[in-house]
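Got a structure for you, questions after.
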4 protein chains.
Amino acid sequence: MGGNSFGTLFRITTWGESHGEAVGVVIDGCPARLELSVEDIQKEMEKRRPGRGMGTSPRKERDRVNILSGLFEGRTTGTPICILVWNEDVHSSPYDEMKNVYRPGQADYTYQAKYGIRDFRGGGRASARETVGRVAAGAIAKKILEREKIEVMAYTIELGGIRTEKVDLEERERNLLFCPDKRAAIAMEKKIEEARLRGDTLGGIVEILVRGCPPGLGDPVFDKLEADLAKGLMSIGAVRGVEIGAGFGVARMFGSQCNDPLGQEGFQKNDAGGILGGISNGADILLRVAVKPVPSIHLEQRTVNHSMEPVLLRIEGRHDVSAIPRINPVCEAMVAIVLVDHLLRQKAIGM
Amino acid sequence: MGGNSFGTLFRITTWGESHGEAVGVVIDGCPARLELSVEDIQKEMEKRRPGRGMGTSPRKERDRVNILSGLFEGRTTGTPICILVWNEDVHSSPYDEMKNVYRPGQADYTYQAKYGIRDFRGGGRASARETVGRVAAGAIAKKILEREKIEVMAYTIELGGIRTEKVDLEERERNLLFCPDKRAAIAMEKKIEEARLRGDTLGGIVEILVRGCPPGLGDPVFDKLEADLAKGLMSIGAVRGVEIGAGFGVARMFGSQCNDPLGQEGFQKNDAGGILGGISNGADILLRVAVKPVPSIHLEQRTVNHSMEPVLLRIEGRHDVSAIPRINPVCEAMVAIVLVDHLLRQKAIGM
Amino acid sequence: MGGNSFGTLFRITTWGESHGEAVGVVIDGCPARLELSVEDIQKEMEKRRPGRGMGTSPRKERDRVNILSGLFEGRTTGTPICILVWNEDVHSSPYDEMKNVYRPGQADYTYQAKYGIRDFRGGGRASARETVGRVAAGAIAKKILEREKIEVMAYTIELGGIRTEKVDLEERERNLLFCPDKRAAIAMEKKIEEARLRGDTLGGIVEILVRGCPPGLGDPVFDKLEADLAKGLMSIGAVRGVEIGAGFGVARMFGSQCNDPLGQEGFQKNDAGGILGGISNGADILLRVAVKPVPSIHLEQRTVNHSMEPVLLRIEGRHDVSAIPRINPVCEAMVAIVLVDHLLRQKAIGM
Amino acid sequence: MGGNSFGTLFRITTWGESHGEAVGVVIDGCPARLELSVEDIQKEMEKRRPGRGMGTSPRKERDRVNILSGLFEGRTTGTPICILVWNEDVHSSPYDEMKNVYRPGQADYTYQAKYGIRDFRGGGRASARETVGRVAAGAIAKKILEREKIEVMAYTIELGGIRTEKVDLEERERNLLFCPDKRAAIAMEKKIEEARLRGDTLGGIVEILVRGCPPGLGDPVFDKLEADLAKGLMSIGAVRGVEIGAGFGVARMFGSQCNDPLGQEGFQKNDAGGILGGISNGADILLRVAVKPVPSIHLEQRTVNHSMEPVLLRIEGRHDVSAIPRINPVCEAMVAIVLVDHLLRQKAIGM
């Protein structure tokens, strides 16, 4: 109950710090006889590589996936799958000076308050590097969903104030920002470059689309599908809001607008975002998350040290201007994990 | 794992259908020797009474709380507390005609798809009546928080397109809409009356404020405080979005704006909403939820019956124009339950 | 996590004290569309009636089952089932004198030590009356097992030093002690009468047989079938030991004796008791539990009061001479619940 | 819910197969700021080394412990601790011939039946090698118990029919069998040698003693301390029975014998084994487990292959004659883990 596990039947436990020996994940409850290769996981890992879409050369963080258990002759055995990625090229010395300083917008202060100790090197456990384990587990979840013809896709619909005007899913795969609108993607790249030069960072919005989800997933009244999805997505470091379907837009709707009429071919619109009463209804599931700007800015910031004395802080080193697009595969992973978990739960009670 | 339990150490399990014998909740993990009376729970129950704030006479749903276990001589004993409220004045016959029809915006279709059976009377398990159990458990959670000087308050900041311009917490207790802005409250009441006459319904936004929360609550990386809060709130029927602190506003912020500087007196602003890295930081916790319009409208709607044949549906009977303000105590309950759960979890590891 | 829930997918939560308002159970995760009546549960409840097999007139504890939720038109709906039994004929005044005394062999001292408060009336939560909820939930579990042609039977193989010499399952239903050996049953009854006259109580051994269990149930390495069975059985008040198959007898076996050879028709003997490596192997599952004598004896006992001063205690009132046979249906219930839970778990991963 | 996690607040997840890349464990919920070194864990690991006490040279299985996360400057950080031991000297070819044969007394048949696939090399996940993770986690649990002055000791009280006549805890550390009776130890060694020469194996009984446990641990009614202990111990491969205090002996006791009188200095005898009503009472906790003979015997055995055709099987290779004494540290580990879990749970509700 340390808080590092997620899911019930398909259950993942991530472990590891940014500058420790390694990071990884144990997946317990993966169905047996699923074909699985290192490459299946590696290809998802590439999508979350630091520096992606930042207009700069990507970092030399190779992040080679090691599957240590649960696999036999290319198939899962139903036993726990441990996946490990070594932390290479780790330079902790630049962090020495931040040892006693609480960086604004980071978890430094709260980890110290909670645990009375913290691994300050690279953010320790609170680093985005922890998502390596999520993405690895998500890659396995996506393999399972594939068999059921369920697709999960995350794409950038807003970044640095630029909003997409359309969703072209093929375009999404053509640019580094996972942006489904070519013109918006170009404008976003420009915003990123501007912010980078100023030493500042940007926020945005990611949308996640699930196609092919059958009706019946979700367990009211607390493990509603949207509730578990909200938890999974809100557990990602930079996420500050989650909405489904019409989302916060429902506040200004009338009931007569918001209800989706049902016809012989199914729902005639989808303001519900594919979930009614906590259970998938067979329509596309549509979620959006608000992503805050990366807190590691190069501008001078006021803060305090461990003795609560005022300090002026300037963070050095290379940091991404935005958590987008790196966060997109993490969102896909969390959604895929929730869906697999509920698929298995639904199989259990379907007698 | 049917999905009807919530929390880990302070764990609630709700049960009951709208038109069954009774609804209720079992609370397991409540600390011993807490003073508790029926009245403590009853007073929270009054806040969720149907018809409240709807400009009409409140319904005669008495909802008397019965505490069946876990209490001895006015104090909790550490054993499970079962709370029961009988379903009185239940008239199921009006629902007979809806037996074979899927009401738009309701869980009729999805419950049938999932379980192959549904108690159609009054929405069955998917009815808002299920929240009786949540509010009863939340009343106990609030008693525990009181001892720790932690306060949870939900108030209406938007309804039918009317947005509050200020937050006056005393005003919030003076009107039936839990609205912290007197002028806005009056405008909202007018909107409600207009919608009611048209047979339509309204959505809105509720904000939840937590004061006095100590730093250290929340268990990264999955049971982050905001992740558990998001799950708890998103599990409430009408909620379609959850945000914390600056919420979706972060999408258009720069990192230099979004980061909250730390000074000797603590955080100098609170765009983080009181949580950093998944752990409370000692500042106020601030959450907002989007509430969809009540789906039971009196206007004619297109839908289908169980044979998937088109049907024109007109829902009769008395229904609230908005889930607000009834949903406010439910939001408070869920937030209080999450906080108590994490308080206990933090006590466990604080060595 | 108060400890009052059991099972993962088929999950029960019992509540209630011996002399409180009522006792009961919530079952969450029961598959939908199972035919279920009050009578299905009531008939199991009769088997655990106090006084059964004690050679005296049975107590007037009617224990009428009330199903408050989760049932619609005679079938389960997949939503939580709350079952309640009122505590009638409760006379708490005889317990007043025991208010400040710790009865030997009872939970008085430990509840006080743990919670700092205890409902001393009739043993409160630690009373055997708590098993009402277990037996009610077990009755539902047995209905599910029936569909799968799985049978669970508990019978008395030792009582007051009398050991059965054979297992005649039909005889088991003919006597009040659930004893599968007529001669032994008569001798046991005599022992009970002797002990009753002396004011003393008796222990014994119950065997539980499962027939028709398919191979594949159990989730190594911690949720092995025998591990979950051991927990379920050891959680019953009077149980002090659990063994499977050859049980403690394995200590004196050679490997060449203990291994069960496999032939074309399956296992050629069954010292494993139907479970290998934590997973059912298709053979009968065979368990035995040691049942301690009822601690409420009428003989004088040395103990202390709340001030830790020595006290001579003589317990009055009517108490059973042995927890057997009342404990037999409780053992059946716990085994049935574990089996259903693992049946559902196995369905979940069988893709 | 794959079954590979144990504990609630102090939660371990083991992973790895006998002949896979590595075996290990993730511990989530370990309190922060605990001093911990590789050596603390390594020394426990030595006690479970294959070949120990078998009168032969110990195998060259070095089993070096690697701590990959959760540790910073020699202290735990409150984040998950991943411990890994590489599988070295793995020779899988001898297992090729057993690829299609179900070894009697092993999990071969049931893993195949459950998962439809199995890693047959060295028993795969069902191998005793899995206990590496348990012992590593147990070492950390023991460090926590040490701070609380709680000691857990497992010792051999019966092996190959030889029963100890006394319990001399110092002697226990002097011989390789963890036997607390010198004369019995010598006789056991002789029995082991005899069985080894015959190609057969031996069973026995291990007793586990807990000293210094405070009153109050355990969460009735399902998570009773003895119930969780029974589950933990019964989840160890070779264990076929668990008893507490007087154990199966209670069957032949009268209540007047079995009850432990309470005096001013505490309990005057300890047939309860330190637990009453599921809660520790402050006396020593005393448990015993029945350990079956190692199923890998060198004598010819009748069995079947995957096509269910009869096969005569003779297992080659070096195998221990008894799971004792290797199982002793595993028993200690499981008991220590349960105690720490309940210590943390008790801290949570102790308000």
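Go ahead and set up a Gaussian network model of chain B, Cα springs under 10 Å, then flag whichever of B:Asn281, B:Asn328, B:Asn175 fluctuates most.
Highest fluctuation of the listed residues: B:Asn175.
Here's another thing I want to ask about it. Please give the FRET efficiency for C:Lys43 paired with B:Gln42, using the beta carbon to beta carbon distance and R0 = 60 Å, rounded to the nearest 0.05.
My answer for the efficiency is 0.95.
From the helices alone, meaning DSSP H stretches of at least four residues, give me the mean residue ellipticity at 222 nm for chain B, per-run term -39500 (n - 2.57), in deg cm²/dmol to the nearest 500.
-8000 deg cm²/dmol
In sequence order, what are the phi-derived ³J(HN,Hα) couplings for segment B:156-163 according to the Karplus relation 6.51 cos²θ - 1.76 cosθ + 1.60 with θ = phi - 60°, rounded to whole Hz, with x for glycine and proline?
8, 10, 8, 7, x, x, 8, 10
Now, a different point. How high is the relative contact order of segment D:208-351? Use alpha-carbon pairs under 8 Å, at least six apart in sequence, and give a whole percent.
Taking the mean separation of contacting Cα pairs over the length of segment D:208-351, I get 31 percent.
Using a 10 Å cut-off around each Cβ of peptide D:124-132, what is the average number of partner chain Cβ atoms that fall inside?
Average neighbour count from other chains, rounded to a whole number: 3.
Continuing with the same structure: Pairs of Cα atoms under 8 Å, at least six residues apart: use those to get the relative contact order of chain D, whole percent.
Relative contact order comes out at 21 percent.
Quantify how strongly other chains surround peptide C:294-300 by giving the mean number of their Cβ atoms within 10 Å of each of its Cβ atoms. Numbers along the way, then the final one.
Details: counts 3, 8, 2, 6, 2, 4, 1.
Per residue, the average neighbour count from other chains is 4.
Separation of segment D:240-295 and segment B:293-351 by C-alpha centroid, Å?
50 Å
Then there's this: Filter the trypsin sites (Lys or Arg not before Pro) in segment C:306-341 to those in DSSP coil with at most 16 other Cβ atoms within 10 Å of their Cβ, and list the result.
Here the trypsin sites (Lys or Arg not before Pro) that fit, given the DSSP loop and packing criteria, are C:Arg314, C:Arg318.
Let me ask something additional. For B:Leu312, place a label point 7 Å out from Cα along the Cα→Cβ vector, do the same in each other copy, and report the separations in nm, one decimal, smallest first.
Relative to the other copies, B:Leu312 has label-point distances of 7.4, 8.6, 9.0 nm.
Once R0 is set to 35 Å, what does the formula 1/(1 + (r/R0)^6) return for the Cβ-Cβ distance between C:Met308 and D:Glu73, expressed as a FRET efficiency to the nearest 0.05? Don't jump to the answer; show the numbers that get you there.
Working: r = 46 Å, r/R0 = 1.31.
Computed FRET efficiency for C:Met308 and D:Glu73 comes out at 0.15.
Give the percent of DSSP beta bridges with both residues in the protein assembly as shown that are antiparallel, rounded to the nearest 5.
If I count the DSSP bridges inside the protein assembly as shown, around 100 percent turn out antiparallel.
Find how many whole Å separate the alpha carbon centroid of segment D:65-100 from the alpha carbon centroid of segment A:214-228.
The two parts, judged by their Cα centres, are 36 Å apart.
Next question, about the same structure. Using a 10 Å cut-off around each Cβ, can you sort D:Asp219, A:Asp96, D:Asp200, A:Asp320 from fewest to most neighbouring Cβ atoms?
On the way: D:Asp219 26, A:Asp96 10, D:Asp200 20, A:Asp320 23.
With the sparsest Cβ surroundings first, the list reads A:Asp96, D:Asp200, A:Asp320, D:Asp219.
What helices does chain D have that are whole DSSP H segments, at least 30 Å long along their own axis by Cα, and with mean Kyte-Doolittle hydropathy of -1.0 or more?
Numbers: long enough: D:327-349 (34 Å, 1.06).
Those that clear 30 Å and a mean of -1.0 are D:327-349.
Right, something else. Relative to the other copies, what are the label-point distances for C:Lys190, with labels 7 Å from Cα along the C-beta vector, expressed in nm at one decimal and sorted shortest first?
Result for C:Lys190, in nm, nearest copy first: 4.4, 9.4, 10.3.
If you wrap a convex hull around the alpha carbons of segment A:206-285, what volume per residue comes out, as a whole number of Å³?
Taking the convex hull of the Cα positions in segment A:206-285, it is 102 Å³ per residue.
Here is a follow-up. Under 10 Å, Cα contacts only: if you run a Gaussian network model on chain C, which one of C:Thr14, C:Thr76, C:Thr201 comes out with the highest mean-square fluctuation?
C:Thr76
While we're on this one: Taking only Cα atoms and a 10 Å spring cutoff, compute GNM fluctuations for chain C and point out the largest among C:Arg125, C:Arg11, C:Arg147.
C:Arg147
Calculate one ³J(HN,Hα) per residue across segment A:299-313 by plugging θ = phi - 60° into the Karplus curve 6.51 cos²θ - 1.76 cosθ + 1.60, and present them in order as whole Hz with x for glycine and proline.
The phi angles translate into 7, 5, 10, 8, 7, 10, 9, 4, 8, 6, 8, x, 9, 9, 10 Hz.
Oh, and also: Can you run phi through the Karplus equation (6.51, -1.76, 1.60; θ = phi - 60°) for segment C:65-71 and list ³J(HN,Hα) in whole Hz, with x for Gly and Pro?
Each residue of segment C:65-71 in turn: 7, 10, 9, 9, 7, x, 10 Hz.
Once you treat every alpha carbon in chain D as an equal point and sum by Debye, what is log10 I(q)/I(0) at q = 0.10, 0.14 Å⁻¹?
-0.64, -1.22
Also: Only loop residues by DSSP count here, and only those with at most 12 other Cβ atoms within 10 Å; note down the chymotrypsin sites (Phe, Trp or Tyr not before Pro) in segment D:163-266 that meet that.
Values: sites: D:Phe178, D:Phe222, D:Phe248, D:Phe254; in loops: D:Phe178, D:Phe222.
Taking segment D:163-266 and a limit of 12 other Cβ atoms within 10 Å, no loop chymotrypsin sites (Phe, Trp or Tyr not before Pro) are found.
Between A:Arg163 and A:Val90, 0.36 nm times their residue separation minus their Cα-Cα distance comes to what?
On the way: separation 73, 0.36 × 73 = 26.28 nm, distance 3.62 nm.
The span from A:Arg163 to A:Val90 would gain 22.7 nm if fully extended.
Skipping prolines and chain starts, which residues have an amide H placed within reach, meaning under 5 Å, of the one on D:Ile157, given they are 5 or more residues away or on another chain?
Amide H to amide H, under 5 Å and 5 or more residues apart or across chains, D:Ile157 pairs with D:Ile205, D:Val206, D:Glu207.
Counting only residues 5 or more places away or on other chains, whose amide H sits under 5 Å from the amide H of A:Asn87 once H atoms are built in the peptide plane?
Hits under the 5 Å cutoff: A:Ala22, A:Val23.
If you don't mind, there's one more thing I want to ask. Between C and A, which C residue has the Cβ nearest their rotation axis, distance in Å?
It is C:Ala348, 2, counting Cβ atoms only.
Find every distance from the label point of A:Gln268 to the corresponding label point in the other copies (7 Å from Cα along Cα→Cβ) and write them in nm, one decimal, shortest first.
For A:Gln268, the other copies' label points sit at 5.6, 7.2, 8.4 nm, shortest first.
So if we plug the beta-carbon distance of C:Arg64 and C:Glu148 into 1/(1 + (r/R0)^6) with R0 = 30 Å, what FRET efficiency do we get, rounded to 0.05? Write down the numbers at each step before the final one.
Numbers: r = 29 Å, r/R0 = 0.97.
That gives a FRET efficiency of 0.55.
Shielding by partners for D:148-160, please: the mean number of other protein chain Cβ atoms within 10 Å of each residue's Cβ.
1
Please compute the Kirkwood hydrodynamic radius of segment B:4-80 from all pairs of different C-alpha atoms, in Å with one decimal. List each step's numbers first, then the result.
Working: mean 1/r = 0.0701 Å⁻¹.
Averaging 1/r across every pair of different Cα atoms and inverting gives 14.3 Å.
Amide H to amide H under 5 Å from C:Ile279: which residues, 5+ apart in sequence or cross-chain, H placed 1.01 Å off N in plane?
The answer is C:Leu225.
Which residue, chosen from D:Leu344, D:Gln301, D:Gly317, occupies the Cα position most advanced towards the positive end of the dipole of chain D, where the dipole is computed from +1 (Lys, Arg) and -1 (Asp, Glu) charges on Cβ about the Cα centre?
Checked the options; the winner is D:Gln301.
For the protein assembly as shown, restrict the atom set to alpha-carbon positions and state the Rg and Dmax in Å.
31.1, 94
Follow-up. Fewest first, what order do B:Trp86, B:Trp15 take by the number of other Cβ atoms within 10 Å?
Result, fewest neighbours first: B:Trp86, B:Trp15.
Another question, then. Quick check for me: using +1 on Lys/Arg Cβ and -1 on Asp/Glu Cβ, what's the dipole size of chain B about its Cα centre, in debye to the nearest 20?
340 debye
No lab work stands behind these numbers, since they all come straight from the coordinates. Because the structure is a prediction, the values reported are computed rather than measured. Every residue, glycine among them, receives a Cβ derived from its backbone with ideal geometry; neighbour counts consider all protein chains shown.
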